[in-house]
Amino acid sequence: MQILGEQIFAKAPDGSLASRIGTLFLKTPGLVTRRGVHAMQRVMWIDHLNARRSEAGLPPLTSSEEEAELEQSVDLIFTDDFVLIRPDPDRMDLAFLADDELQKLVNKRRIRFLNTHAAKVRNALRARGENWRMARAPISQEDMSRIVEGSRVAIGEKAVYFYNQAIGTRYITAGGYDIVSALPADEYRAQVREVVSLLKKRNRMGHPEVDLFPTTTPIEIKNALKGIEVDSLDDAALRAAVEKIALDWRMSLPPELREESVGNFDWRNAMCTAVTAGTNETNAAEQDLIQGISPEFYRQIEWLPGARIDRGEVIFDPLWDEYSRTRDPSLEPLCDFHVRNVIFNTMRLFNDIEFVNVGRIARSLAREPIKGSRHGSVYVIQCKTADSDEVRLVLLRFQKWGVAEHLDEGKDLLQATIEANEYADYILDRRLMCCQLGMNLPPRVAIAQFPETYRGHNQYNGTTVRAFGYVRDYVPGTASDKIPPARFRNPAFALAFAWLMGEAAAHDIIVGRRSSETKENLFDKNYEVVQFGPDGLPAKIVATDHAGSFVNYLHTFEDTVAPYANVVRRRAKFVPDVAAFADAYVTAFERTLADVQAKYRERRRAFDELFVHRPFDVAGSGAYRWAKTLERLDQCDPKAVAAVLRAAIESGAPC
């Protein structure tokens, strides 16, 4: 390949990139990186080819030959870290040919794709198992909140803006205007003058100095604000004019963005996107890659290199070969052996897979993650089979106590295998227990086994062992703790939510769900997914995981019910009628507890004999925990338990 200009990533004397753009030509292989714009680089290439032809005694390219050269070219943009391919969505074949050529010059991990706002681009990459080459890097929920809060700035007046350092734009929100509206007349005028003036200006990078948030705000509202003649209006007229526009602005806001707080996941995610977006970046978001995914997954999935499937043949990403050869530490986070094992196992079982993408959820999605918790690794698998147009999304959680973990404790291979198998049975037994007691879990869960090479300090280092995983379909909806606060201002929504949560809380306390490490209450901390009906009201709650069930099986309900009061207390400032909300929650809790108790008493044999074939050990076997759970359920007084819950709510003290 001929290169006109500097090599990719070459530096100028001042340390900056020698060139920020390039054009790759595919018909006659070549790369132009000389300074200019892409159109100029195309002219440079044609001039170069004609000069070579002249030296060889050949006539210049004809217009059709020039057109053929230009048609098979691809725009590139260079950053300090990446080569960015800017594909034509209708010619993804050219983009992928360019990708192959670039990999001869640059490591694949440093090549990404732009134009991911176009579905054709996303779908083409997804079909190659390459979500990882267009998704933004994950970031912790704590860091997102910190970034948003840290972006608050002032210009000349009050700190009512959120600043994007990469593009230089400052965003003002409707809530920011609420702060402005409370200012005295002279400060109010100065602040409005600043906003109106800067809305009309662009910075040296060509981006607005000030913009309205969200950026989807109707252009008519922005133009109306720009058009205000601040100094030609008296104080009352100015305030009235701006207030009219602000009202239209507030009315245009989606309901999920009306509560301006990092505690509102939708608003926080949208603002984080606004203040971290840069020029020329790969920015496909989770909702672009997975239709209908909950906002709690925003920037939480780390898509990883896997494999593409070409005519039924599995072709693993070349980064795997590189890692196998070099053991490059920088590749280790990308080349997750779990991902390769998942794809390998999937292709052994199914021969009609068209594509598969695997992502890793590196952190707990709980609003308040349990400290010290040792959860199994969680992966998101997106795949499609030839017999269906549907793209499936499943979640895979690896068993946290598998053979490898027991080997790490120093146990021999036989004992480690036996204990891992027993724990797998215990997990599935607990799922059956929860279902028997009425807990609304995902309808289907499959257990999968993956061969993996044990890497540890035990004598069995290098031995192939089994890892257990549990696969379930993604449950659509919104986790109870991630529902935007503004939605609770609708009385019908609040009461429907309270009732469903009361039912779910009763099932939760019956199965004694607690963190196995800290014994903390897990209810309303990510596992309960609320699904909505056609009217937008809560219609059902699914407990997506029975983790922590039967940890608390010896204490009475009266001793453990107080933390369930937090469901009401953390939403008290949002609901229009706290007393009605609390009453619906407690009433549903009491009725459900009484109903499950009655069901048990009516059909004791169906419950008592469910696990008679399992080992019964007072040290804490599953069968023993089941027996104690049923005993506690039979002996409880639902009214008395509900009274303790109501008292805990009314006390207002955190539990």
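If the requirement is being within 30 Å of P476 (Cβ to Cβ) and either open to solvent by 30 Å² or more (accessible area, probe 1.4 Å) or part of a helix (DSSP H, G or I) (or both), which of these qualifies: A582, A642?
Details: A642 fails: within 30 Å of P476 (Cβ to Cβ).
None of the others qualify; the one that does is A582.
Out of curiosity, is I418 closer than 28 Å to G620 by Cβ and at pLDDT 95 or above?
yes
State yes or no: is R601 open to solvent by 40 Å² or more (accessible area, probe 1.4 Å) and modelled with pLDDT under 95?
No: the conditions fail for R601.
Filter the stretch 238-265 down to residues that are open to solvent by less than 40 Å² (accessible area, probe 1.4 Å) and part of a helix (DSSP H, G or I), then give me how many there are.
The number of residues fulfilling the criteria is 8.
Just the residues that are open to solvent by less than 60 Å² (accessible area, probe 1.4 Å), within 12 Å of V644 (Cβ to Cβ) and in contact with an Asp or Glu (Cβ under 9 Å, 6 or more places away or on another chain), please, taken from the stretch 558-579.
P563, Y564, A565
Anything in the stretch 549-594 that is among the basic types (K, R) and closer than 27 Å to R431 by Cβ? List them, or say none.
Taking the stretch 549-594 and keeping what is among the basic types (K, R), we get 569-571, 573, 591.
Correct list: R591 only.
Go through the stretch 86-97 and report how many residues are in contact with an Asp or Glu (Cβ under 9 Å, 6 or more places away or on another chain) and under 19 Å from Q2 (Cβ atoms).
Count: 1.
Just the residues that are open to solvent by 50 Å² or more (accessible area, probe 1.4 Å), among the hydrophobic types (A, V, I, L, M, F, W, C) and farther than 28 Å from K628 by Cβ, please, taken from the stretch 414-446.
L414, A446
Counting just the residues of the stretch 300-338 that are within 23 Å of the chain's Cα centre (by Cα), in a strand (DSSP E or B) and aliphatic (A, V, I, L, M), which one comes out surrounded by the fewest Cβ atoms within 10 Å (Cβ to Cβ)?
Restricting to residues being within 23 Å of the chain's Cα centre (by Cα), in a strand (DSSP E or B) and aliphatic (A, V, I, L, M), the top hit is L304.
Here's the yes/no breakdown for (1) more than 21 Å from R397 (Cα to Cα); (2) in contact with a Pro (Cβ under 9 Å, 6 or more places away or on another chain); (3) of a type in the set (F, W, Y); (4) touching a residue at least 12 places away in the same chain (Cβ under 8 Å):
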position: S294; (1), (2), (3), (4): no, yes, no, yes
position: A307; (1), (2), (3), (4): no, no, no, yes
position: D321; (1), (2), (3), (4): yes, no, no, no
position: S324; (1), (2), (3), (4): yes, no, no, no
position: N345; (1), (2), (3), (4): no, yes, no, yes
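The values are calculated or read from the model by the stated rules, or taken from the named source; none is laboratory data. None of these values were measured; they are calculated from a predicted model. Methodologically, a virtual Cβ is constructed for each residue, glycine included, from the backbone with ideal geometry; neighbour enumeration extends over all protein chains shown. When the accessible area is computed, the model is the full protein with side chains, heavy atoms only, and any ligands, DNA or RNA have been set aside. Shrake-Rupley method; radii C 1.70, N 1.55, O 1.52, S 1.80 Å.
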